[in-house]
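Quick notes on the structure that follows.
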Amino acid sequence: MVLILFSTIIDYWAALRMEEQPDKKKRRKFLALSLIGNLGMLFAFKYFDFFMFNTEVMGSSTPDDLGREHDKFGCTLGWRHHYLHHRQT
């Protein structure tokens with residue numbers, strides 16, 4: 001809910017500033033700020049785990065060096081599971 005509210009505030013603010021600007025180039029700057037804000041949130045919440053995992057893999061010699069926990073199918077559970085699991089204990 002907070003993300004939707006934050007996105008709405010960014011878009012509303014950008015729309016108000018775009019309406020005030022007679023110059024098309026200045027309006028595009030506010031549009032770009034809105035897009036960067038929304039796509040930045042998308043990246044942070046959707047793709048962060050993917051990039052963290054790949055960064056870890058590139059820094060290790062083998063995937064086994066990561067010390068990840070595996071589920072019953074042999075798939076890695078990722079850093080979120082590791083963090084949440086060890087935080088609760």
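The values are calculated or read from the model by the stated rules, or taken from the named source; none is laboratory data. This one's a predicted model, so the numbers in the text were calculated from it and none came from an experiment. Using ideal geometry, Cβ is built from the backbone for each residue, glycine included, and neighbour counts are taken over all protein chains shown.
Tabulated data
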{"item": "Filter pass, Arg80 being touching a helix residue (DSSP H, G or I) at 6+ places or on another chain (Cβ under 7 Å), at pLDDT 90 or above and surrounded by 10 or more Cβ atoms within 10 Å (Cβ to Cβ)", "result": "no"}
{"item": "Close pairs from the range 35-58: first within 15 Å of Ile10 (Cβ to Cβ), partner in a helix (DSSP H, G or I) and of a type in the set (S, T, N, Q), Cβ under 8 Å, at least 6 apart", "result": "Gly37/Ser7; Asn38/Ser7; Met41/Ser7"}
{"item": "Hits in the range 1-60 - residues which are surrounded by 11 or more Cβ atoms within 10 Å (Cβ to Cβ), of a type in the set (Val, Ile, Thr) and modelled with pLDDT of 85 or more", "result": "Ile9, Ile10, Ile36"}
